[in-house]
Structures are given as C-alpha cells and as structure tokens.
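We did not get these values from a lab; they are worked out from the coordinates using the rules stated. In this text, all values refer to a predicted model and were calculated from it rather than measured experimentally. Cβ: placed from backbone, ideal geometry, glycine included. Neighbour counts: every protein chain shown.
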Amino acid sequence: MSFDWSEFEHVTKVDPAKRLPESIDVLRHTDAVIVGGSDGVTEENSLAVFERLRAEFPDLPLVQEPYRSAHVSKRTVEVADAVFVPAVYNGDKTNFVEKHVGFFTELARKSEDVTGSGLPFVGSVLASKGRELVAELADGVVGEGYVVQNPDSKVAGLTNVEEHYTPEQVAGAALATESFYGFPIFYIEYSGRYGGPEDVSAAAPFLDETALLYGGGIGSRAQTDEILDAGADAVVVGDCFHEDTERFLETVPTT
C-alpha cells in the first residue's frame, strides 16, 4: 500500500503486549495505526490487535512494525497494509545491516506460516512459485530510517543506543535516508520523553519525498502543533492511548 503522508498528521502506535482500552472508538480521530513493540510481542497478540482494529475500522490504514521476523506471518501480512522495518542509525550494526539481512533470510526460509502450504522447496530455500510469493511479501516491507534519541529508553537498550544524535547528526541521517538509502520514512523516536522541535527542524529541510515522523512524549495538542509546525509530516502517539484516552484525544491536531 502506498501512503499519501500529506493526508496524515496523527498516527497511533498500539503495543500488542499492552492491554487495549475498553473502548477504542478514539481511534476514529487518528489517521493511521502502527502495531508494534519490543517486549512481549508475538505473532498471536499482534494478529489479535489487527483483527480487532480491522473489524472496527475497516478503512483505517494499519501498519505492522515488528521487532523481529517471528512477529510476521502470512496472516499478519494479509491484514496489515504494510510492514515497517526500522534501520536504527545510532544503534549497533546488529540493528542495521545484520538485522535486515536476518529479517529477509527468515522470510526466505519460512514456508507455510508465511506463504501457505504446498510450495516447492529446494533444500531449505523456496523455489519457483515460492520465491515469487516471498518476493511479493517483501514488496510490502518498508524501510524506516530511525534515530533513537532517548538513551534511557527500553528501545535504546534493545538496539544498543548509547548516545543520542546532535541536531547536525539528525540532519545528516535525514539526508542519508532520502538521498542514499531511499527509505520513504524518517522517524525521530524519543520513546516516552518529549524531545521538542529542534531535531525535527534540523531534519525537515533535507526531506522532500521522505515522510518525517516524530514519536515520544506527545501528550497535548500544543506539543502536536509544535512538532508539526517544525516540519514533521505526522506525530506518533502511543503511551497515552493505552493509559488515558481522554488525554489521547488532546493530542489530535485541529484541522
């Protein structure tokens, strides 16, 4: 699915390992949902979230952001509109090149759980029709240039981020995302802490085709507006959706 980010300003990140609010009706006020997390996420709880979201909001764009390939299956791919895979620039190499090669290696090795049964095999590698189906699956995978700016966060620990980038380095990462790697998304992640507009302002001038997303600590409309005014295409809101749906509504920009 191709996303028109000019129509998106507010994205909700739903963690499948966390309990959903009793009513998720507030999601009618968001533009898209990313399903993903790092702790306690499984294919099963991811699929359960996708199925509930799709049942209640059939036209809402839904994205899976898996931390590892085990979270992805034929069923999750069928219900999601895309799979976003982060490339963490300021993490270690395991969370950049090695992670992506490993991710696609696992896709190539999976059989029934990803591509369906009855496919021809040559050794452990899918052959003929099997390769075509895996290639079709891979076409739905979208790379994200990703900068983790809160070294004390759980995601920083998992990706071995020891230092945050300076605004100048964020600008360089943004430029590399669009001009070198060709990723359609650049994501500035503060993970539970509001980082303000400085990094967004540094990155925005270097992105024309690539969408700029900011996530972390958004808890008010004023913060949403500040980030959007600095040049972000969309804010990503997660914690307050799970914790306080009234406060979540306060993060939705007025249009």
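Details
- Extension gain, Tyr194 back to Lys154 (0.36 nm per residue minus Cα-Cα distance, nm): 12.9 nm
- Surface/4 estimate of mean projected area, convex hull on alpha-carbon atoms of segment 163-255, nm²: 6.0 nm²
- Cut-off 14 Å between beta-carbons: net charge of the residues surrounding Ser153, Lys and Arg +1, Asp and Glu -1: -4
- At R0 = 22 Å, FRET efficiency that the Cβ-Cβ distance of Arg221 and Tyr181 yields, to 0.05: 0.10
- Segment 3-102: projected area of the alpha-carbon convex hull, averaged over directions, in nm²: 7.1 nm²
- Net charge in the neighbourhood of Phe241 (other residues with Cβ under 13 Å of its Cβ; Lys, Arg +1, Asp, Glu -1) is -3.
- Within segment 68-91: backbone nitrogen closer than 13 Å to the Glu162 label point (7 Å, Cα to C-beta): 91
- Residue order, fewest to most beta carbons within 10 Å, for Phe3, Phe186: Phe3, Phe186
- Net charge, Pro167 excluded, C-beta distance under 12 Å - Lys, Arg +1, Asp, Glu -1: -3
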